[in-house]
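The structure appears below as structure tokens.
Any read-out appearing in this document is the output of simple, stated calculations on the displayed coordinates, not a laboratory observation. Note that the coordinates shown come from a computational prediction; the quantities given were computed from them, not determined experimentally. Using ideal geometry, Cβ is built from the backbone for each residue, glycine included, and neighbour counts are taken over all protein chains shown.
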Amino acid sequence: MNTGMTQEEKSILLYEKIMPLLEDGQSIEIHPHGFSMYPLITSPSDSVVIQPIAGETLKRGDIILYRRTSGLLVLHRICRIKKDGFYFTGDNQTEVEGPLPEQQLLAKVIYIRRKGHTFSIKHPIYWICSYIWLILRPVRPLISRPIGKVWRLLQRKIGKSR
């Protein structure tokens with residue numbers, strides 16, 4: 001897509017491309033942008049396969065593609081479901097967005113592709129890691145910042161040794 005476009009304009013174009021396919025019941029592979037789902041989905045290398053939600057019972061922990069009222073498409077995880085709607089957060093965020101009505105929810109992630117490997121979001125290791133990460137949402141910064149500093153330090157040391 002044209003890099004001179006805003007995120008909302010890119011989202012509108014993507015929405016126009018994928019909605020007919022989703023309405024036809026097809027699964028689609030997309031490449032999420034941004035870092036809100038890091039570390040479980042890494043941009044730009046990872047892709048996800050989404051499927052229509054129709055008839056699905058959504059639950060806490062599901063990764064959903066939804067459309068904000070601004071038109072922006074967002075891929076985040078359900079952190080709460082209440083009578084007034086669905087609440088979402090990114091894996092790399094502590095803020096919660098919601099409530100969103102079911103009409104704004106477009107598709108559900110069923111597979112993640114990373115480095116040539118495809119794995120189901122139902123895989124036990126993925127499910128356990130993502131569930132623990134969701135539970136840790138309030139304290140994520142206390143965990144991820146030190147890990148990030150150690151990671152960057154290791155990367156620098158590896159770079160110097162080459």
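GNM, the chain, Cα, under 10 Å: largest mean-square fluctuation among 121, 132, 110?
Its mean-square fluctuation being the largest, the pick is 132.
Which value in nm describes the separation of the simple spin-label points at residue 59 and residue 81, placed 7 Å from the Cα toward the beta carbon?
So the label points at residue 59 and residue 81 sit 0.9 nm apart.
Over segment 84-162, what lengths in whole Å, largest first, do the semi-axes of the equivalent ellipsoid take, defined as the square roots of 5 times the eigenvalues of the alpha-carbon gyration tensor? Intermediate results must be reported in sequence, preceding the final value.
On the way: eigenvalues 183, 72, 27 Å².
In descending order, the three semi-axes are 30, 19, 12 Å.
Order of 42-48, 75-81 by packing, highest average Cβ count within 10 Å first? Please list the in-between numbers first.
On the way: 42-48: 14.9, 75-81: 20.0.
Descending packing order for the listed peptides: 75-81, 42-48.
Among the lysines, select those whose C-alpha is under 19 Å from the C-alpha of residue 59, and discard any that sit fewer than 8 residues away in the same chain.
Those lysines meeting the cut-off are 82, 83, 108, 122.
Compute a Gaussian network model of the chain, connecting alpha carbons closer than 10 Å, and tell me which residue from 99, 138, 146 fluctuates the most.
146
Taking loop as defined by DSSP and a crowding limit of 14 other beta carbons within 10 Å, which chymotrypsin sites (Phe, Trp or Tyr not before Pro) in segment 8-67 fit? List each step's numbers first, then the result.
Numbers: sites: 15, 35, 66; in loops: 35.
Here the chymotrypsin sites (Phe, Trp or Tyr not before Pro) that fit, given the DSSP loop and packing criteria, are 35.
Rg/Rh for segment 8-162: what does it come to with C-alpha atoms and Rh from Kirkwood? Write down the numbers at each step before the final one.
Values: Rg = 16.5 Å, Rh = 16.6 Å.
Rg divided by Rh gives 0.99.
Provide the FRET efficiency to the nearest 0.05 for the residue 158-residue 13 pair, computing r from the beta carbons and using R0 = 30 Å. Each step should come with its number before you reach the end.
Working: r = 39 Å, r/R0 = 1.30.
Step by step, r from the Cβ atoms, then E = 0.15.
Report, in debye and to the nearest 20, how large the dipole of segment 7-161 comes out about its Cα centre when Lys and Arg carry +1 and Asp and Glu carry -1 on their Cβ. All intermediate terms of the calculation are to be shown ahead of the outcome.
Working: 23 positive and 14 negative charges, 223 e Å.
Approximately 1080 debye in magnitude.
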